[in-house]
Amino acid sequence: MIAHIMTQQTTELIRHLRLIARHHEVCYEIWPMWSLMEGVKAQIGFEVVLCGVNGHVRREGGVLHPVGSCQHCARSYAALREIAEWIVPLKKPPLSYRINSFDHLLHLAPQSRHYRSEIISTTAIVDQAYYNQQGCQSESECLQEVRERLLKLGIREDVLYAARSANA
């Protein structure tokens, strides 16, 4: 009985997050994180940047407002953060993560996303093994897990959100 309730809650949460992804046309970018250790550049993790449009911009027929710190932007960030919080409970330790706070800016997307104005949520995922100078496979496994979770929501890397067909 408890397993059924938890499965139902998970299904409802995924449905809710998919609606957020669709409403805000969410996509993501992955960026490596680097550090200098004893004069040598080493990758210590990566950042997942969730990119979405502001609901206010869409309701205004595409007319952009100049300040990214309005109440609509804050709500858009909060929605993106819900997705970020869902993707980070990772199975592979010793990874740690930090979801950055809202920067109150509209970011200009690249040409592939039609230079749209975006709200972003950045999550830094760091592998502690790099600090201990150990070889570690957990980062690539973690990155794969993050990508799988985002794909479950219909969110693709650097591509505008596209709703999955009923057959998918």
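Given the criteria within 17 Å of the chain's Cα centre (by Cα), part of a loop (DSSP other than H, G, I, E, B), at pLDDT 80 or above and not basic (Lys, Arg), does Phe102 qualify? For Phe102, the condition - within 17 Å of the chain's Cα centre (by Cα), part of a loop (DSSP other than H, G, I, E, B), at pLDDT 80 or above and not basic (Lys, Arg) - is met. Taken together, Leu153, Leu160 contain a single residue that is at pLDDT 90 or above and either surrounded by 13 or more Cβ atoms within 10 Å (Cβ to Cβ) or closer than 28 Å to Glu38 by Cβ (or both), which is Leu153.
Ser112 falls short on exactly one of the conditions (1) modelled with pLDDT of 85 or more; (2) small (Gly, Ala, Ser); (3) more than 27 Å from Leu13 (Cβ to Cβ); (4) part of a strand (DSSP E or B), and that condition is (4).
Among the residues making up region 127-145, those that are modelled with pLDDT of 85 or more and not charged (D, E, K, R) are Leu143, Gln144.
The values are calculated or read from the model by the stated rules, or taken from the named source; none is laboratory data. For clarity, every value in this text was computed on a predicted model and none was experimentally measured. Please note: Cβ atoms are built from the backbone with ideal geometry, for glycine as well, and neighbour counts cover all protein chains shown.
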